[in-house]
Amino acid sequence: MDGPRKPGAGWGMMTVMARLGAARKRQEIVRSTHRQREFEWIETHADEMRRLAGEWVVLEGDQLVAHGKNAARVFATAKRKGITVPFVFYVEPPAVEGTVHVGL
């Protein structure tokens, strides 16, 4: 058989599942340490997140640095305040009343 093998072709399903499991574990490690304080802020400030629906937001740790409708202005504001790598995200308007969706 010439060319690269497709996932699952001759690998056996257990091998494929083991590789996926290992990749997920690596991903969870990164998610649990990088920007943890920002993600905790998002989870614990539901009321604030509802007020920010339809806006771009910058967090630094547990501090709300900037927010607004224009992503470039929000980013520039964070840079002016000395944030080297701003954590920027968009808070989508609720599809269902009383919910918030964060687009990263």
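Under 15 Å from the Cβ of T44, count the other residues' Cβ atoms, weight Lys and Arg +1, Asp and Glu -1, and hand me the total. Local net charge: -2.
Cβ crowding within 10 Å ranks L64, L52 as L64, L52, fewest other Cβ atoms first. Across segment 55-63, coupling constants 3J(HN,Hα) worked out from phi with the 6.51/-1.76/1.60 Karplus curve, θ = phi - 60°, read 10, 8, 10, 10, 10, 9, x, 9, 10 Hz, and Gly and Pro carry x. Legend: ranking of residues R35, R80, R51 from fewest to most surrounding C-beta atoms inside 10 Å; resulting order R80, R51, R35.
Less than 5 angstrom separates the built amide H of E60 from those of V65, all sequence-distant by 5 or more or on a different chain. Computing FRET efficiency as 1/(1 + (r/R0)^6) for T44 and A72, where r is the C-beta to C-beta distance and R0 is 25 Å, gives about 0.35. Would you mind counting up the charge near R73? Only other residues with Cβ under 13 Å from its Cβ, with Lys and Arg at +1 and Asp and Glu at -1. So the surrounding residues net to +3. For segment 35-103, the relative contact order is 31 percent, taking Cα pairs closer than 8 Å that sit 6 or more residues apart in sequence and dividing their mean separation by the residue count.
For V85, neighbours were defined as the other residues whose beta-carbon sits under 13 Å from its Cβ, and their charges (Lys and Arg +1, Asp and Glu -1) total +1.
Rule-based calculations on the coordinates, nothing more; no lab input. Please read all numbers here as calculations on a predicted model, not as lab measurements. A quick note on method: Cβ atoms are made from the backbone with ideal geometry, for glycine too, and the neighbour counts reach across all protein chains shown.
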